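These notes concern the structure reproduced below.
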Amino acid sequence: MAVIVGAGPSGLLLAHLLLDCAAEKDSLRGLLPVRIFEARDDPRIPLPLYKTRQYCVGLSARGRDAISRVDGLWTEVEKQGVPSSQFVLHIGGRAIALKRNPDKPSLLVNQRSLAAVLVKELQKRYSQKQVQVIYGARCVGVDFNSRAVEFRLKGDETMQVPYDLLVGADGARSVVREAFIRERGFDFQQVNTPYTFKVLHVPRPAELSDDAVHSFRVVTKKDSGDCNCPIRFFFEFAYVTGSTSINFGCFPTPGDGMSVLLGWSPETEPKDLLQIQNAQELQSYVEKYMPPLSVPLEAAEAFISQRPSSSMQVSCSRFYAEKGRAVLIGDAAHAMSNALGQGCNSSLKDVDTFTRMLVEEGDVVSAMKRYSTQQVKEDHAAAYLSQNAFPESKWLRPAYLLGNIVTAGLSKTPLSALIPPSIQSLCSETLIPYSEIVNRNKFWLKLVEVTNLLSAKE
Ligand SMILES: Cc1cc2nc3c(=O)[nH]c(=O)nc-3n(C[C@H](O)[C@H](O)[C@H](O)COP(=O)(O)OP(=O)(O)OC[C@H]3O[C@@H](n4cnc5c(N)ncnc54)[C@H](O)[C@@H]3O)c2cc1C
């Protein structure tokens with residue numbers, strides 16, 4: 001029996017592919033039934049989007065490739081999201097479209113809708129004997145010696161579940177990973193990042209196109225010392241010290257909605273926004289500082305009562321524990337910065353790699369080892385890219401943004417053939433291994449790494 005802890009995108013896709021593996025290879029029949037345990041409620045229970053704090057993820061080439069391994073599954077996932085091939089920067093009232101390849105859009109999909117469609121398809125395709133998904137079951141401990149997992153159910157009763165293969169797909173704060181920490185040779189780092197966010201759900205204003213992610217930076221309070229030059233708006237977007245500003249990305253959602261991700265670090269915390277306790281006051285704030293958005297009363301109330309979410313980065317030296325016949329996948333193994341939008345995509349790639357290796361090896365332990373060797377390298381590279389693809393320093397950030405704007409302008413001319421694809425394009429539009437992308441861009445990445453470190457110390 002395979003036990004998967006966590007019914008996020010990686011746990012659910014893994015269930016689909018494990019069931020395929022067991023059907024394909026006799027030696028993998030012992031993986032049946034596949035049982036998935038999830039702490040949260042069933043995502044298929046209808047809930048207005050504004051009541052959730054779930055954000056949109058952009059599924060790009062790697063995510064699409066992994067999901068497409070299950071017949072017809074990508075078609076179902078696509079119905080839940082919105083394709084997007086544009087990134088639009090809104091600076092000082094101007095909108096600058098940074099062109100992405102229109103033939104290779106990312107699919108913007110709400111996390112909850114993604115989980116809902118993956119579980120719905122799982123239960124449509126397989127019987128209860130083959131797969132069981134248990135919601136409201138929180139993993140509270142793992143014993144590698146007896147190969148059993150303990151879950152706490154609603155109502156506080158506990159349950160011990162034996163397994164032949166255990167998969168920790170329980171996200172950045174993984175409980176399964178805690179059992180790995182006691183294993184010899186397992187090294188692990190966990191860093192709370194200063195990035196914090198809240199999600200607001202609003203109707204999509206007609207001015208914002210439904211095939212683009214719109215990114216805004218709005219200065220809400222200026223210090224007298226701020227730059228006053230004619231292209232002030234550009235520097236305000238790129239880098240402003242001593243001013244209060246809000247940064248937000250607007251992701252179109254099906255049914256003409258928008259999921260607005262407001263993110264900040266301690267230096268850019270939008271204190272005035274976070275102090276608001278009254279829905280009408282929030283509506284006025286949005287009208288004043290976040291046009292063209294407007295927020296309905298219920299969504300404003302839900303936003304005020306939503307706790308800010310913080311993020312965490314995780315790095316493990318190994319993704320398997322032989323004695324415990326256990327593997328880590330997705331954020332449980334390598335939660336990374338969301339700057340490049342590769343967290344979910346790299347998680348789905350883990351699933352793809354592990355299950356391919358299971359079929360090739362026909363044996364769980366050999367597959368775990370090969371999976372870990374390959375994906376530790378790839379996921380460390382993905383995390384390094386996510387950490388260092390974008391400069392933060394005072395001088396490099398404006399230069400980088402300017403370069404992007406010029407490149408976008410040149411994209412419609414014959415000169416575009418001479419411009420090498422950006423790190424972002426290579427990650428999101430191709431299946432080139434992350435380690436190869438690091439290799440091709442090592443000088444730029446090193447420059448960003450060093451200047452980011454220096455600017456953090458300033
Ligand atoms: C603001 C933001 C924006 C992002 N945007 C993108 C993007 O555009 N593209 C992209 O590729 N990635 C993006 N990511 C990253 C992406 O969300 C994650 O990498 C992805 O969700 C990882 O999937 P997962 O299934 O491994 O983990 P999760 O999605 O975290 O799922 C883990 C599941 O395990 C459950 N669980 C946790 N603990 C327990 C327990 N003890 N017992 C039982 N169940 C448990 C959780 O409830 C959850 O359902 C973003 C992340 C953030 C924070």
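The values are calculated or read from the model by the stated rules, or taken from the named source; none is laboratory data. None of the values given here were measured: they were computed from a predicted structure. Positions of Cβ are backbone-derived with ideal geometry, glycine not excepted, and every protein chain shown enters the neighbour counts. What goes into the accessible areas is simple: the full protein's heavy atoms, side chains included, and nothing from ligands, DNA or RNA. Shrake-Rupley method; radii C 1.70, N 1.55, O 1.52, S 1.80 Å.
May I ask you to evaluate 6.51 cos²θ - 1.76 cosθ + 1.60, the Karplus curve with θ = phi - 60°, for each residue of region 435-444 and list the ³J(HN,Hα) values in order in whole Hz, giving x for glycine and proline?
For region 435-444, the Karplus-derived couplings read 5, 6, 5, 4, 4, 5, 10, 5, 6, 4 Hz, x marking Gly and Pro.
What length, rounded to one decimal in nm, is gained on full extension from Lys323 through to Ile181, with 0.36 nm per residue of separation minus their alpha-carbon distance?
49.8 nm
Before I look further, what does region 392-457 give for accessible area per residue, probe 1.4 Å, in whole square angstrom?
60
Ignoring ligands, DNA and RNA, please state the percent of accessible area on the chain from carbon and sulfur, probe 1.4 Å.
Summing carbon and sulfur atoms, their accessible area is 51 percent of the total for the chain.
Nearest 5 percent is fine: what portion of the DSSP beta bridges confined to the chain is antiparallel?
Given both bridge residues lie in the chain, the antiparallel proportion sits at roughly 70 percent.
Using alpha carbons only, how many degrees (0 to 90, rounded to 10) separate the axis of helix 396-410 from the longest principal axis of the chain?
90
Taking the Cα centre of the chain as the origin and placing charges on Cβ (Lys, Arg +1; Asp, Glu -1), which of Ala179, Ala339, Ala212 is farthest toward the positive end of the dipole?
Ala339
Order 103-110, 119-126, 341-348 from most to least packed using the mean count of other Cβ atoms within 10 Å.
In decreasing order of mean packing, 103-110, 119-126, 341-348 become 341-348, 103-110, 119-126.
Using a Förster distance of 51 angstrom, determine the FRET efficiency expected from the C-beta separation of Glu360 and Ala399, and round it to 0.05.
Step by step, r from the Cβ atoms, then E = 0.65.
Please give the contour-minus-distance gain from Leu453 to Glu157: 0.36 nm per residue of separation, less the Cα-Cα distance, rounded to one decimal in nm.
Additional length available on full extension: 101.8 nm.
Please list the equivalent ellipsoid semi-axes of the chain, computed as the square roots of five times the alpha-carbon gyration tensor eigenvalues, in descending order and whole angstrom.
Values for the chain, descending: 38, 25, 21 Å.
Figure the gain on full extension for Ser127 and Phe443 (residue separation times 0.36 nm, minus the Cα-Cα span) and round it to one decimal in nm.
Working it through step by step, the gained length comes to 108.5 nm.
In region 393-458, which trypsin sites (Lys or Arg not before Pro) fall in coil by DSSP and have 12 or fewer other Cβ atoms within 10 Å?
Lys412
Can you flag which of Lys104/Lys412; Lys349/Lys446; Lys79/Lys412 are past 19 Å Cα-Cα?
Where the Cα-Cα span goes over 19 Å, the pairs concerned are Lys349/Lys446; Lys79/Lys412.
In degrees, nearest 10, range 0 to 90: what is the angle between the Cα axis of helix 343-361 and the longest Cα principal axis of the chain?
Between helix and principal axis, roughly 30 degrees.
At Gln190 and Glu76, where each label point lies 7 Å from the Cα along Cα→Cβ, what is the point-to-point distance in nanometres?
3.3
Based on the Cβ-Cβ distance of Ile432 and Asp41, what FRET efficiency does E = 1/(1 + (r/R0)^6) give at R0 = 22 Å, to the nearest 0.05?
Computed FRET efficiency for Ile432 and Asp41 comes out at 0.05.
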